[in-house]
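All remarks here apply to the structure that follows.
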Amino acid sequence: MGEIFPADALRVRRVYESPEPEDGARVLVDRLWPRGLSKADAQLTEWCKDVAPSSELRRWYGHEGERYEQFAERYREELATEAAQRALERLRELAREGPLTLLTATKGMSASHVTVLTEVLKEGS
């Protein structure tokens, strides 16, 4: 299936970066609140915990590069649950309304849940 919203409608940033006007809707997609960040400074539209990896999966992965492919597979399975599907649809709605910025505290974003989440959103599945 093709993309359901323009590619430029979806951005990924660290939650610690200052908000920008082009962020549009700012949604935190981590299960845990970022250390040292106030809710006012985050300037979130929403906090979407239901699309974050489970605590068990996050701890197992531990950002160990050799586990990334297996992590991504397991995370996709978690995203297939009913609660995650509802949350994904909400994110797609926000992206169709205008720019959507997914926020995370993760440092290594290229091998993180946000990469997988972005792929799933763009796939429309």
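Fewest-first ordering of Y75, Y16 by other beta carbons within 10 Å of each residue's beta carbon gives Y16, Y75. Among V15, F71, L117, whose Cα projects farthest towards the positive end of the dipole of the chain, with charges put on the beta-carbon of Lys, Arg (+1) and Asp, Glu (-1)? Most positive-ward Cα: V15. Here L94, L102, L37 are placed in order of increasing Cβ neighbour count within 10 Å, fewest first, which gives L37, L94, L102. When T115, T81 are arranged by Cβ crowding within 10 Å, least crowded first, meaning fewest neighbours, the order is T81, T115. In the chain, the C-alpha radius of gyration followed by the widest Cα-Cα span (Dmax) gives 13.7, 40 angstrom.
Distance from the Cα centroid of region 68-106 to that of region 30-58 is 13 Å (rounded to whole angstrom). In this structure, E73 and Q43 have a Cβ-Cβ separation that, at R0 = 30 Å, corresponds to a calculated FRET efficiency of about 0.35.
Every read-out reported here was derived from the displayed coordinates using simple, explicitly stated rules and does not represent laboratory data. Note that this is a predicted model, so its numbers are computed, not measured. Every residue, glycine among them, receives a Cβ derived from its backbone with ideal geometry; neighbour counts consider all protein chains shown.
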